[in-house]
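Encoded as structure tokens, the structure appears first; notes follow it.
The values are calculated or read from the model by the stated rules, or taken from the named source; none is laboratory data. Treat the numbers as computed from the prediction; the structure is a model and nothing was measured. When we count neighbours, we look across all protein chains shown, and the Cβ atoms used for this are built from the backbone with ideal geometry, even at glycine. Each accessible area value is taken on the protein alone, full model and side chains, heavy atoms only, with ligands, DNA and RNA left out. Shrake-Rupley method; radii C 1.70, N 1.55, O 1.52, S 1.80 Å.
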Amino acid sequence: MRIISYACFNLIFIYICVLAFYKGFQEGISIIFLSLATIITILLINLMIYIFDKISSKLFDLIIKMYNKRKMKNFNLFEWIGETKWLKLYDTLKDIKEFDNNSIHDNFKKIKKEINKEFNSKEKLKSFKLYLEVIVESPKLIILNTVIQTLLLAVITTSLINYINEIKNMN
């Protein structure tokens, strides 16, 4: 996904450079100067993207490490058991290939039937429910992801506007 977004950003940026190149050519600016300015600009932008990518990934890793370190202070048995793959239910549901794409009700009935086979008492069902509630993803991580995406969008937008303004000022 990172490569696709990088390629899309470069295509958009190259399109802007071609338009600036064309406008500069129409105004009588030297082709050599325009070519050199375009190549240097593309190289600098890509270098900045590369550096920003490396710094942001290291920063994100550091934030995750700090979050995990803080989380480990309150580490408990539920977090120790991890994912549901230890349950037989996971393997059973994974092996069922016969289901109806158009009938949600029938599919839920099949899942309910398998859960009732695996957890045949009320206590086991309550324990399973409690386990599923514990492994739900933390809302803090979702908020952190949203904040990082917002900051990246703000930085990219600001940089792009500044670049466009610089092109206009060159004229």
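Here the spin labels are modelled as points 7 Å beyond Cα on the Cα-Cβ line, and at I143 and K65 they lie 2.4 nm apart.
Phi angles across region 114-122 convert, under the Karplus curve 6.51 cos²θ - 1.76 cosθ + 1.60 with θ = phi - 60°, into 3J(HN,Hα) values of 5, 5, 5, 5, 6, 10, 8, 10, 5 Hz, Gly and Pro given as x.
Per residue, region 1-69 exposes an accessible area of 80 Å² to a 1.4 Å probe, with every protein chain left in place.
Roll a 1.4 angstrom probe over the protein heavy atoms and tell me the percent of accessible area of region 1-69 that is carbon or sulfur. Answer for region 1-69 is 79 percent, counting heavy atoms of protein chains only. Rounded to 0.05, the FRET efficiency of the D53 and I164 pair, given R0 = 30 Å and the Cβ-Cβ distance, is 0.85.
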